[in-house]
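Reading through the structure tokens given below for one structure.
What follows is calculated from the coordinates using simple rules that are stated; it is not laboratory data. Only a predicted model underlies this, so the values are computations on that prediction, with no experimental measurement involved. Cβ placement follows ideal geometry from the backbone for every residue including glycine, while neighbour counts extend to all protein chains displayed.
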Amino acid sequence: MPSPLPFEIHHRPVVTSTMDVAAAEAAQGAAEGWTLVADEQTAGRGRRGREWTSPAGAGVYLSVVLRPPVAAGDDRLLSLLTLAVGVGVRDGLQVATGLAPDVKWPNDVFVGRRKLAGILAEGLALGTPAQCVVVGVGINLRTAAYPPDVAAVATSLEAELGRVCDRDLVIDEVLAGVGRAYGDLKDGRAGDILRRWREASPWAVGTRVEWESPSGPQTGETAGIDETGALLVRTTDGIARVIAGEVRWKI
């Protein structure tokens, strides 16, 4: 089934960050679906400003401009967008490679205990007529996509499959999966996105986590996600909702 999102794909051999370039294009009025795919990033980044190692040809590095409609006072679509993209990336990887990875709140794709891909969503001009969200996806294609010091916590498609992957096919299917999941979200099928995300996330229930709350460090055991996409954690004081910040998973 084709994606309902009309992608306008641009390719550049080297960029500092696909997120930065896509954000600049969005600020100039780029239409929804404007997509940048790069062979290499010299300053790739992930969530909370972390470096995303991006050597030439070793991974998939792309960013997409989305312009989700949000009713006044209703931020549910934006809060669920990262989860929807995670579902779409997972679906695309499964179609392209046969691999069925897991998703981990809020923005990671894992195989077993190792990270395969990351997702980054950044809102621009929110609440204005120019509102948009730039979504970045980074996928480790080969082991060269990550440095030796993170090899214990990272993996790649080729390491998991034991064979060479068709990078173009991975890009095409991941974009198609993201487009379909985003379309479901926009069309009011958030319940389907949440169900699929829960089915793909063994971490979401029964995993020990730590995080920082306004009142200080907290610990507990995951108890799923709610209808807004917030992580639920069972603590000695009851169920806590985690909507942002750094969560440390004890896996």
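Which order do VAL135, VAL242 fall in if you start with the one that has the fewest other Cβ atoms within 10 Å?
Working: VAL135 26, VAL242 21.
Exposure proxy ranking, most exposed first: VAL242, VAL135.
If you take the beta carbon distance between ARG12 and TRP249 as r and set R0 to 30 Å, what does 1/(1 + (r/R0)^6) give as a FRET efficiency, to the nearest 0.05?
0.30
Please compute the Kirkwood hydrodynamic radius over segment 204-249, one decimal place, Å, based on all pairs of different Cα atoms.
Working: mean 1/r = 0.0966 Å⁻¹.
The answer is 10.4 Å.
Evaluate the charge dipole of segment 204-249 about its Cα centre and quote only its size in Debye, nearest 20, assuming +1 on the Cβ of each Lys and Arg and -1 on the Cβ of each Asp and Glu. Write down the numbers at each step before the final one.
Details: 4 positive and 7 negative charges, 20 e Å.
Computed charge dipole of segment 204-249: roughly 100 debye.
Calculate for the chain the 222 nm mean residue ellipticity that helices alone would give, adding -39,500 (n - 2.57) per DSSP H run of length 4 or more and normalising by residue count, nearest 500 deg cm²/dmol. Kindly include the intermediate steps, with their values, before the conclusion.
Working: 5 runs with 67 residues, N = 251.
For the chain, the value works out to -8500 deg cm²/dmol.
Does anything in segment 220-251 have its amide N under 19 Å from the 7 Å Cα→Cβ label point of ARG113, and if so which residues?
Inside the label zone: 220-222, 247-251.
Note down the relative contact order for the chain as a percent, whole number, built from C-alpha pairs under 8 angstrom at least six residues apart.
Working: 525 pairs, mean separation 45.1, N = 251.
Once divided by the residue count of the chain, the mean separation gives 18 percent.
Taking LYS115 as the anchor, which lysines have their alpha carbon closer than 24 Å to its alpha carbon, excluding any fewer than eight residues away along the same chain?
In chain and number order, the partners are LYS104, LYS250.
Would you work out which of THR228, ALA96, SER54 lies farthest towards the positive end of the dipole of the chain, given +1 charges on the beta-carbon of Lys and Arg and -1 on that of Asp and Glu, about the Cα centre?
THR228
Please identify the DSSP H helices in the chain that span no less than 18 Å along the helix axis (Cα) and have a mean Kyte-Doolittle hydropathy of 1.0 or more.
Numbers: long enough: 76-97 (32 Å, 1.08); 167-186 (28 Å, 0.13).
Membrane-span-like by this criterion, though nothing is claimed about a membrane: 76-97.
Neighbouring Cβ atoms within 10 Å as the yardstick, rank SER213, SER79, SER54 fewest first.
Details: SER213 12, SER79 17, SER54 25.
By the 10 Å Cβ count, ascending: SER213, SER79, SER54.
By how many nm would the segment from ALA31 to ARG241 grow when fully extended, if each residue of separation counts as 0.36 nm and the alpha-carbon distance is taken off? Could the numbers behind the result be given before it?
Details: separation 210, 0.36 × 210 = 75.60 nm, distance 3.44 nm.
Result for the pair: 72.2 nm of gain on full extension.
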